[in-house]
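Here the structure is laid out as structure tokens; the discussion comes afterwards.
No lab work stands behind these numbers, since they all come straight from the coordinates. What you are looking at is a predicted structure, and each value in this text was computed from that prediction instead of being measured. Glycine also receives a Cβ, built like all others from the backbone with ideal geometry; neighbour counts cover every protein chain displayed.
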Amino acid sequence: MAETVGIIGGGIIGVCTAYFLHQQGYEVCIFDEHRFDNSCSWGNAGMIVPSHVIPLSAPGVIWQGLKWMFRAESPFAFHFSFNKELLSWIKLFHQHSNAQHVRYAIPHLRDISLLSRRLYQQLALPQQAQTNFETKGLFMLFQTPKVRDEEIKIAQLANANGIRAEVLDAEEVQLMEPDTRLRVLGGIYYPGDALIHPGKWMQFLIAYLQNGGVSFYASHKITDLHIQQKRIQAIVSEKEIFHVDHVVVAAGVQTTSLLKKIQVNIPLQAGKGYSFDVQLPSRKIHIPALLLEGRVAVSPFGNLLRISGTMEIGANLHTINQAKIHGIIKHFYAFYPDLQREIGFTPDQKHLPEIVWSGARPCSPDGLPFIGRIKSFDNLYVATGHGMLGLSLAPATGFLLAQLIGGKSPDVNLQAFDPQRFDT
Ligand SMILES: Cc1cc2nc3c(=O)[nH]c(=O)nc-3n(C[C@H](O)[C@H](O)[C@H](O)COP(=O)(O)OP(=O)(O)OC[C@H]3O[C@@H](n4cnc5c(N)ncnc54)[C@H](O)[C@@H]3O)c2cc1C
């Protein structure tokens, strides 16, 4: 009889993990407190980015976040409160925001990113039409000399680490994006990056797994884990108890509170972001882009354009901050000045919250995910903390976990992603 695996959390990480375990012949059940359609994995920007080899915790980020904290429309901010977990996370984040950590993180992020990009090519390419999978690369666009200089250094670092990056001037960028005017000083082009519609990708994967016999338990909030000696003996929901051979916790930002119940410490904070979609009469933008001065992501899914942005640590997750949305729109129009006419709405329009989606990225304090087994248990695994890279890294995360659970040596060294690296 096949061994069973229970996966807690049906976001992109849980679903991709289910995919590879199912492929290896495990009997997989996956639990979500919602209906598998309401997580951070649905409304994100859909960018698959081996270009992102620099972790969120990089030099200067903390000071930028503090500086921007007081600007209503700023794209990145820390919201301080007297929350012990938040303060200790910020302290760890600060400790890792240095050049030495960046140097340490780059090869680890690169290797898992490149594996994931290859897996997308295998898994998503045959579903290209159904999932809007495109391999046109990614632009990092800038308008100021300061940001240009910083980005050129990052491009050099990427090239030195085997990730191709091309520095372009304004004219070269415009030539590659001929159907709308761009107001830029230039850009870095990363040809190895890709794009997928995250909601359609989730829909495709879930339908594929359901047809293949994976059990999906919607509206099952997991409230506890029963322990017997060094094993998780059962997963407990508000409705039932499930006995499985292995357990994977991929519950996004809620992983911390669930695992705290069994004294496992996984420090995560939510990095809140927004997105919204606009329909254009024809395709105007061909290459996905990050507009660096405003940290806005632009994802063209055919005629549909998704615009996203902001990274707020410690923010209220239940409200839409109108000022942040205004900031995103203002920056978008600053880079694509002719699209305001086509899109119609102005940055200060009142009814935007109705079309705005928000999501909570599960952010680790060192910008690296948590992937691996919890040492004090023989059968408990964690897969979370991917921050702004969850969609990008999901296939590799699932693939590597399936190798670990199957007792194989993983294709990528997982040492840097050890879930217990912050234990003292
Ligand atoms: C605006 C924005 C843009 C982004 N753009 C990109 C991008 O372009 N590229 C990229 O790589 N990443 C991007 N991200 C990040 C990416 O979306 C996340 O890293 C990723 O979705 C995290 O996936 P996850 O499966 O870990 O968590 P989630 O998607 O949050 O899924 C966790 C699931 O666990 C469930 N759950 C929680 N607790 C329990 C419990 N106790 N019992 C049962 N179920 C539970 C939740 O209901 C949820 O469905 C973006 C994020 C945002 C907000």
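Here are the numbers for this structure:
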| read-out | value |
| --- | --- |
| Exposure rule at most 14 other beta-carbon atoms within 10 Å, DSSP loop GluC sites (Glu not before Pro): the chain longest free segment | 1-237 |
| Spatial separation of Cα centroids for the range 19-98 and the range 258-334, in angstrom | 12 Å |
| Extension gain (nm, one decimal) between K408 and Q127, 0.36 nm per residue minus Cα-Cα | 98.3 nm |
| Taking I54, I196, I266, I241 and counting other C-beta atoms within 10 Å, the order from fewest to most | I241, I54, I266, I196 |
| Low-density loop cleavage sites - chymotrypsin sites (Phe, Trp or Tyr not before Pro) in the range 75-131, where at most 15 other Cβ are within 10 Å (DSSP) | F80, F82 |
| Estimated distance in nm for a label pair at Q64 and K261, the labels positioned 7 Å out from Cα along Cα-to-Cβ | 3.8 nm |
| Bridge type composition, the chain - antiparallel percent by DSSP, nearest 5 | 70 percent |
| Aspartates and glutamates whose Cα lies under 15 Å from that of K375, excluding same-chain neighbours fewer than 8 positions away | D418, D423 |
| Candidate lysines - alpha carbon under 24 Å from K146, same-chain residues fewer than 8 apart omitted | K67, K324, K330 |
| Inter-probe distance in nm under a simple model that places probes 7 Å from Cα toward Cβ, at E240 and Q210 | 1.6 nm |
| Qualifying trypsin sites (Lys or Arg not before Pro) for the range 5-96 [loop in DSSP, other Cβ within 10 Å: at most 13] | R35, R71 |
| Table column - 3J(HN,Hα) (Hz), the range 299-309, Karplus curve with 6.51, -1.76, 1.60, x for Gly and Pro | 10, x, 9, x, 6, 8, 10, 9, 10, 9, x |
| Sites matching trypsin sites (Lys or Arg not before Pro) across the range 231-317 that sit in DSSP coil, with at most 13 neighbouring C-beta atoms within 10 Å | K239, K261 |
| Pairwise FRET efficiency - A334 versus E354, Cβ, R0 = 25 Å, nearest 0.05 | 0.55 |
